[in-house]
1. Which members of segment 70-97 meet the condition of being within 28 Å of residue 48 (Cβ to Cβ), surrounded by 13 or more Cβ atoms within 10 Å (Cβ to Cβ) and not hydrophobic (A, V, I, L, M, F, W, C)?
2. Could you list, in sequence order, all residues of segment 119-176 that are among the hydrophobic types (A, V, I, L, M, F, W, C) and surrounded by fewer than 16 Cβ atoms within 10 Å (Cβ to Cβ)?
3. Mind counting the residues in segment 365-383 that are crowded, with 20+ Cβ neighbours inside 10 Å, among the hydrophobic types (A, V, I, L, M, F, W, C) and assigned to a helix (DSSP H, G or I)?
4. What are the pairs with Cβ atoms under 9 angstrom where one residue, in segment 261-288, is at positive phi and β-branched (Val, Ile, Thr) and the other, located anywhere, is buried (at least 24 other Cβ atoms within 10 Å of the Cβ) and not in a helix (DSSP H, G or I)? Sequence gap at least six, or different chains.
5. Within segment 392-430, which residues are of a type in the set (Phe, Trp, Tyr) and closer than 30 Å to residue 164 by Cα?
6. Looking at 324, 314 in this structure, which one is under 19 Å from residue 364 (Cβ atoms) and in contact with a Cys (Cβ under 8 Å, 6 or more places away or on another chain)?
7. Return the residues of segment 227-243 that are small (Gly, Ala, Ser) and surrounded by 24 or more Cβ atoms within 10 Å (Cβ to Cβ); say none if nothing qualifies.
8. Going by the conditions given, is residue 207 buried (at least 24 other Cβ atoms within 10 Å of the Cβ) and polar (S, T, N, Q)?
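The values are calculated or read from the model by the stated rules, or taken from the named source; none is laboratory data. The shown structure was predicted, so the numbers you read here are calculated from the model rather than taken from an experiment. No Cβ is skipped: glycine too gets one built from the backbone with ideal geometry, and neighbour counts run over all protein chains shown.
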Amino acid sequence: MKVQIRQLATTAPDFEAEFHRALHWSAETDHAIEQRVADILADVRARGDAAVLEYTHRFDGLAAGSVSELALSQQELQAALEQITPAQREALQAAARRVRLYHERQLEACGRSWRYRDEDGTLLGQKVTPLDRVGIYVPGGKAAYPSSVLMNAIPAQVAGVGEIVMVVPTPRGEKNPLVLAAAAVAGVHRAYTIGGAQAVAALAYGTAAVPKVDKITGPGNAYVASAKKRVFGTVGIDMIAGPSEILVLADGSTPADWVAMDLFSQAEHDELAQSILLCPDAGYIEQVREAIDRLLPGMPRRDVIRASLEGRGALILTRSMDEACEISNRIAPEHLEVSSREPHRWEPLLRHAGAIFLGAYTSESLGDYCAGPNHVLPTSGTARYSSPLGVYDFQKRSSLIEVSEAGARTLGGIAAELAYGEGLQAHARAAELRMTTGKKEN
């Protein structure tokens, strides 16, 4: 049976309406989920470990006498690293090396303190310091994500975070050895087999066994997303992630099978994922559509892929590659592939995307696992104002100001004038006192 994926053309009179219909996705969380999450957070805040144990037993089927029994020791993490296959271990370590190298470059570019003195001797600058403790949430259950461990823990480690605390659900006690091995490779300090809203609450508020963190990062289900929204302010969070997205800009030069599989790569995540092709070549779009129908039956997750493509996918015929770039900027996708003979010709036109993959050989899946840049990316159009997870998410910045005596005379007049204008006399007088009177010696 053919995949009923919507096909649009920018020349069609109803394009705008159909385009908006294709992009529509409600980020509103079900009211019942919101209320359940609120109850869980309040319960964990009030009862601590006892509530965490109760919910872990109820939702994951894990019975334990204490949360300490749900902790994963460093010995267990190292044992998992030694027990996985040599090929898995080499792949994990190679990916970790690349992710670490990229984020070390990021640290050099934007993660250092700096200062200077102006002409009157006043020192100004910025002090960059790492967060003391962060929590990383790693999804578990339907699938295991060792790559998420690397992408969250390594930039935190490179930033200099003092302690990295990982939580990962293990339904029915099934621990994924690759996830544990990734935690060992990435330098996780503490790990607990708890998940869901109760894990977010434990990290945000702290319990007898789980330390309170300063920031929580990492993706999760609707309960986790709702919990992260609710604890924001008590702790920092990275972002609220929506369904996965891929947008392929193609000029028709890439094998159609490659592009079809790239569309599958996001569609297989879940039924709400979005896969879109923008191309000015109608014949090539037809080749991709035929490839979709031909390749889908061989995919293990074909039912999920079909539901995603039919529900939120689109093949869009554009007037030109220039117009395709304009539409891409309107979408601001999570993943953007420029599948073209001349990707660097189009890249300057692309302003909004979580990650940009240049050239036919750069599949989005390489970015997910081992290219180096972070795969935790803004979704649902938030790439218009948001950035990928990075070293900067695990640091904070303090301004440095040391005003000289000469500087106090110069700046004092400016500050006083503005302060009087705002009706804040104490501000003005504090500045003026330093303009005319030197400090008294004890």
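1. 74, 76
2. Passing the criteria: 123, 124, 143.
3. Going through segment 365-383 one residue at a time, the tally reaches 1.
4. Qualifying pairs under 9 Å: none.
5. Across segment 392-430, the qualifying residues are 392, 394.
6. Only one candidate passes the filter, namely 324.
7. Answer for segment 227-243, where residues must be small (Gly, Ala, Ser) and surrounded by 24 or more Cβ atoms within 10 Å (Cβ to Cβ): just 227.
8. So residue 207 fails the test.
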